[in-house]
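Every number here is computed from the coordinates shown, using simple stated rules; none is lab data. Keep in mind it's a predicted model, so treat the numbers as computed, not measured. Reconstructed Cβ throughout: ideal geometry from the backbone, glycine too, with neighbour counts over all protein chains shown.
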Amino acid sequence: MKQTTAQAAKTKLSTDTEKTNHGNLIHVKRLVKLKFYDFYLNEHQNMACRRLHFAGSSFGFLGLAKSVKNRSAKPLLKGIAAGYACAWVGHFFFEKNKPASFKFPLQSFASDFRMYSDVLRGRLSLKDRKFDKI
């Protein structure tokens, strides 16, 4: 059976990846990240909660920018505090669940930035879940 160019490139890429990463280790890590992000999105189905997360992440980025500009950690700490306050209000009052950051702080932190990025790229909606492209 003849392989297409795309299939051949994919086969070569996966073979190279497996050789350089000792088996399927890199594939397992990607799978775990994808599964956690699916879980994370499932915990953020309420639009008010998503909007609050987006606002909170924006406060965090603004705090980071101001921190760099002023060469002070104080704005960053305020941005982080405002970000988590927004997110937790979203979870406790709108989503009515516990924030994933209580059990999985690092994965949740990374997933929050991924969700922020997906909203900016138009892959996730802040209006209605039916407009989500994920």
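Key figures
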item	result
q = 0.14, 0.20, 0.21 Å⁻¹: log10 I(q)/I(0) that the Debye formula gives for the range 31-83, counting C-alpha atoms only	-0.49, -0.72, -0.75
Rule-of-thumb Rg ratio for the range 66-134 [Cα; 2.2 N^0.38 Å; N residues]	1.30
Mean Cβ neighbour count within 10 Å, used as a protection proxy, ranking 47-59, 101-113, 81-93 highest first	47-59, 81-93, 101-113
Using a Förster distance of 35 Å, the FRET efficiency for SER72-MET47 (Cβ separation, nearest 0.05)	0.50
Residues of the range 100-120 with amide N under 13 Å of a point placed 7 Å along Cα→Cβ from ILE80	106, 109
Computed over the range 85-134: relative contact order in percent, which uses C-alpha pairs under 8 Å that are six or more apart	16
